[in-house]
Amino acid sequence: MPPVFRFAPSPNGYLHLGHAFSALLNVDLARQDGGRFLLRIEDIDTTRCRPEFETAIYQDLAWLGVAWERPVRRQSEHAADYRKALEKFSALGLVYPSFESRAEIAKLVAQRETHGPWPRDPDGAPLYPGAAKLLPSDERARLIESDIPYALRLDMAAACAHAGELGWTEHGEGPDGETGAVLARPQAWGDVILARKETPTSYHLSVVVDDALQGVTVVVRGQDLFWSTSVHRLLQKLLGLPQPAYRHHRLILDGAGRKLSKSTEATGLRELRAGGATPADIRRLAGLP
């Protein structure tokens, strides 16, 4: 069977040079290996994702000369797939609801840090500091029925005990030069959110479910997601999903050495195109042959 690659942007802003590099690298590798290339739209964040950004993704990729298989998988159309995965975690006793707001969690972290540094995940966010895991089942049911917003979290300690030691073979390179056999460290992320009351899934859950259902065999993505692979390997093991090959690539940085980001209004492909850039220029700027 030919290998299957994918590019999975979120339509919460316009694509920039970093996106172009990742998409074109996936296309190049798929062509080199006689594989398939898929496009997936990760649009679960309904507050930030907008139709005009999705349309722009198609336009920008077509301008670059990227061709993808149809139909495109849009996460917003597959809530049932994520619900089925959550039901399996629930049956294993590995998820629980937490009811604190973001402001309440920030306050709890501040209280913990009066006694010393509070642990943070690889992205720098504080680990969940609450005690919702200890709530009696009847109290959980009462809070859910009272229509309070909540997040469904993975009981990381129990999940790691259930799955055992995990790892992956890195075919690219991690942010600190990691390559080859890598030991997964999902516990570094704490009790990650798998879904919210108003959102049927999270990035971590949807990406492993989508990759499995789409038959993705090679995941090529940026080094900023390198340690997220630890969580993904854990979820794959718990759900009985196949493990794709992983290849993390360098990031395109701005003049200050920061990762390009939609939120910092990094130069977008649309601006580059309007300024007279050609697809060949984009490949050159991204460092691709």
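The values are calculated or read from the model by the stated rules, or taken from the named source; none is laboratory data. Keep in mind the model is a prediction, meaning the values are calculated, not measured. Note that we place each Cβ from the backbone using ideal geometry, even for glycine, and neighbour counts take in every protein chain shown.
Test of understanding: among GLU173, GLU165, GLU178, which residue is in a loop (DSSP other than H, G, I, E, B), of a type in the set (Asp, Glu) and within 27 Å of ARG40 (Cα to Cα)?
GLU173
Any chance you could count how many residues in the stretch 1-36 are among the basic types (Lys, Arg) and part of a strand (DSSP E or B)?
Qualifying residue count, the stretch 1-36: 2.
Looking at the stretch 76-96, can you tell me whether even one residue there is over 27 Å from HIS162 (Cβ atoms) and in contact with an Asp or Glu (Cβ under 7 Å, 6 or more places away or on another chain)? Spell out how you get there, then give the answer.
As a first pass, look at the stretch 76-96 and keep what is over 27 Å from HIS162 (Cβ atoms): 76-77.
Going one step further and asking which of them are in contact with an Asp or Glu (Cβ under 7 Å, 6 or more places away or on another chain), we end up with 76.
Checked the stretch 76-96: at least one residue is over 27 Å from HIS162 (Cβ atoms) and in contact with an Asp or Glu (Cβ under 7 Å, 6 or more places away or on another chain).
Within the stretch 227-239, is even one residue touching a strand residue (DSSP E or B) at 6+ places or on another chain (Cβ under 7 Å), of a type in the set (D, E, K, R), closer than 15 Å to ARG40 by Cα and not assigned by TED's automatic domain parsing to the domain that holds ARG31?
The answer is no; no qualifying residue exists.
Among the numbered criteria (1) surrounded by fewer than 18 Cβ atoms within 10 Å (Cβ to Cβ); (2) within 28 Å of PRO71 (Cα to Cα), which single criterion is violated by LEU183?
With respect to (1) surrounded by fewer than 18 Cβ atoms within 10 Å (Cβ to Cβ); (2) within 28 Å of PRO71 (Cα to Cα), LEU183 is out only on (2).
Can we say THR199 is assigned by TED's automatic domain parsing to the domain that holds GLY180, of a type outside the set (Gly, Ala, Ser) and out of contact with any Lys or Arg (no Cβ under 7 Å at 6 or more places or on another chain)?
For THR199, the condition - assigned by TED's automatic domain parsing to the domain that holds GLY180, of a type outside the set (Gly, Ala, Ser) and out of contact with any Lys or Arg (no Cβ under 7 Å at 6 or more places or on another chain) - is met.
Scan the stretch 132-149 and give yes if some residue there is touching a Lys or Arg at 6+ places or on another chain (Cβ under 7 Å) and crowded, with 19+ Cβ neighbours inside 10 Å, otherwise no.
No, the stretch 132-149 has no match at all.
Can you spot a residue in the stretch 205-225 that is basic (Lys, Arg) and out of contact with any His (no Cβ under 8 Å at 6 or more places or on another chain)?
Among the residues of the stretch 205-225, not one is basic (Lys, Arg) and out of contact with any His (no Cβ under 8 Å at 6 or more places or on another chain), which makes the answer no.
Could you run through the stretch 120-131 and say how many residues are loosely packed, with under 13 Cβ neighbours inside 10 Å and closer than 19 Å to TRP227 by Cα?
The total comes to 3.
Every residue in the stretch 219-229 that is within 19 Å of ASP28 (Cα to Cα) and buried (at least 19 other Cβ atoms within 10 Å of the Cβ), please.
Narrowing the stretch 219-229 to residues within 19 Å of ASP28 (Cα to Cα): 219-223.
Correct list: VAL219, VAL220, ARG221, GLY222.
Counting only residues that are surrounded by fewer than 18 Cβ atoms within 10 Å (Cβ to Cβ) and either modelled with pLDDT under 95 or within 21 Å of the chain's Cα centre (by Cα) (or both), which one in the stretch 87-100 is farthest from ALA141 (Cα to Cα)? Write out each step before concluding.
If we filter the stretch 87-100 for residues that are surrounded by fewer than 18 Cβ atoms within 10 Å (Cβ to Cβ), which is where we start, we get 87-88, 90-93.
Of the ones still in play, those that are also either modelled with pLDDT under 95 or within 21 Å of the chain's Cα centre (by Cα) (or both) are 87-88.
On the way: GLU87: 16, LYS88: 19 Å.
Taking the candidates together, the pick is LYS88.
Please indicate, with yes or no, whether at least one residue in the stretch 255-272 is assigned to a helix (DSSP H, G or I), within 15 Å of the chain's Cα centre (by Cα) and of a type outside the set (A, V, I, L, M, F, W, C).
Here is the first cut: in the stretch 255-272, the ones assigned to a helix (DSSP H, G or I) are 269-272.
Applying the additional criterion that residues be within 15 Å of the chain's Cα centre (by Cα) yields none.
Looking for residues that are assigned to a helix (DSSP H, G or I), within 15 Å of the chain's Cα centre (by Cα) and of a type outside the set (A, V, I, L, M, F, W, C), one finds none in the stretch 255-272, hence no.
Evaluate the stretch 101-112: report whether one residue or more is at positive phi and of a type outside the set (Asp, Glu).
Step one: list which residues in the stretch 101-112 are at positive phi, which gives none.
Checked the stretch 101-112: no residue is at positive phi and of a type outside the set (Asp, Glu).
Can you tell which of ASP210, ASP191, ASP254 is among the acidic types (Asp, Glu) and free of Cβ contacts under 8 Å to residues at least 60 places away in the same chain?
Numbers: ASP210 fails: free of Cβ contacts under 8 Å to residues at least 60 places away in the same chain; ASP191 fails: free of Cβ contacts under 8 Å to residues at least 60 places away in the same chain.
Every option except ASP254 fails the conditions.
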